[in-house]
1. Under the Karplus relation 6.51 cos²θ - 1.76 cosθ + 1.60, θ = phi - 60°, what is the ordered set of whole-Hz ³J(HN,Hα) values for the range 6-20, x standing for Gly and Pro?
2. When the chain is fully extended, how far beyond the present Cα-Cα distance does Val8 get from Ile47, taking 0.36 nm per residue of separation?
3. I want to check the label-to-label distance for Cys65 and Ala32. Put each point 7 Å from Cα in the C-beta direction and report it in nm to one decimal.
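Throughout, read-outs are computed from the coordinates displayed, never taken from laboratory work. Only a predicted model underlies this, so the values are computations on that prediction, with no experimental measurement involved. Quick reminder, even Gly has a Cβ in these numbers, built from the backbone with ideal geometry, and neighbours come from all protein chains shown.
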Amino acid sequence: MRTPRSEVALNAAILAIDHEGDARRFLREYVADLEAEGEPHDIAVEIARSTVAWCFAAGMTRERCAMWQRVIHLGHPQPQAAAIA
């Protein structure tokens with residue numbers, strides 16, 4: 001599955017996810033798509049995390065924000081690339 005490429009479609013896809021397993025799968029696929037386009041893994045992870053984090057202010061509920069924070073490991077000291085790999 002390819003993740004949406006337009007900003008609007010990508011944000012809509014992120015906002016629609018309401019299960020943690022689906023969020024993890026989406027994030028892995030998005031990182032893989034970015035890597036397939038030539039982004040190094042660490043950069044792809046940061047792009048994906050930033051894209052998700054931007055959606056926090058775009059109408060995401062507190063519950064979904066908390067779910068995504070767990071998925072993208074906000075507030076955790078471990079290297080992000082290792083967390084998503």
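1. Along the range 6-20, the couplings run 6, 4, 4, 5, 5, 5, 4, 5, 5, 5, 7, 6, 10, 10, 4 Hz.
2. Values: separation 39, 0.36 × 39 = 14.04 nm, distance 1.55 nm.
Between Val8 and Ile47, full extension yields 12.5 nm more.
3. In this crude spin-label approximation the distance works out to 3.1 nm.
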